[in-house]
Amino acid sequence: MKVIDFIVADDIRTEQGNKYSVMGIYSDCITMSVPAEVKWPIGFRFASFVRLELGRGDPDALRFEFKIFSGDRDVAGFAGAVVKAPDTNIVTLPLVVSFLPLAGAGELHFRFRVLDDAGQELLSENLRALRVVVTPAKV
């Protein structure tokens, strides 16, 4: 089992025909223009698109945990279960946070874990970090 895609974006929508639309894809940095008088933390809409490729020995039913850290603080997370479709070895997880509390400039870190039904860890991966850059808003 391995993570084959990890995309950070503004939003993800599920479309007809087993498709996803991923909008506002970030590379390695989120740049925000914020008025100087803003009170931190501020809410930020955020989405992650994670795809796993399963191997022959991997179970079809999985549990997952996805956590987001700002500095050393755990600020958001998901936990759930997914069952692999019978005709593929790919599992897709479109994860959308409607309010991610950002405390200012810094880095967001992501931890992704996959467990079997008994709670045995199958995968634990720290995914790439994302820098948050804050610039003064022009009036």
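The values are calculated or read from the model by the stated rules, or taken from the named source; none is laboratory data. These numbers were taken from a predicted model, which means no experiment stands behind them. Because the Cβ atoms are built from the backbone with ideal geometry, glycine has one as well, and the counts that use them run over all protein chains shown.
Out of the residues in the stretch 93-128 meeting the condition of being of a type in the set (Gly, Ala, Ser) and assigned to a strand (DSSP E or B), tell me which one is nearest to GLY43 (Cα to Cα). Per the stated criteria, the residue is SER98. One residue stands out among those in the stretch 12-46 that are assigned to a strand (DSSP E or B), among the small types (Gly, Ala, Ser) and modelled with pLDDT under 95: the one that is nearest to LEU123 (Cα to Cα), which is GLY43.
So which residues in the stretch 59-73 are part of a strand (DSSP E or B) and either closer than 24 Å to GLU15 by Cβ or without any contact (Cβ under 8 Å) to a residue 24 or more places away in the chain (or both)? If the condition is that a residue be part of a strand (DSSP E or B) and either closer than 24 Å to GLU15 by Cβ or without any contact (Cβ under 8 Å) to a residue 24 or more places away in the chain (or both), then LEU62, PHE64, PHE66 are the ones that fit. Determine, yes or no, whether ALA85 is over 17 Å from VAL96 (Cα atoms) and touching a strand residue (DSSP E or B) at 6+ places or on another chain (Cβ under 8 Å). The answer is no for ALA85.
Identify the residue in the stretch 25-53 that is farther than 18 Å from ALA129 by Cα and either under 19 Å from the mean Cα position of the chain (by Cα) or charged (D, E, K, R) (or both) and, among all such residues, is surrounded by the most Cβ atoms within 10 Å (Cβ to Cβ). Across the stretch 25-53, the extreme among qualifying residues is LEU52. Scanning the stretch 74-85 for residues that are more than 16 Å from ASP5 (Cα to Cα), at pLDDT below 95 and part of a loop (DSSP other than H, G, I, E, B) turns up at least one hit.
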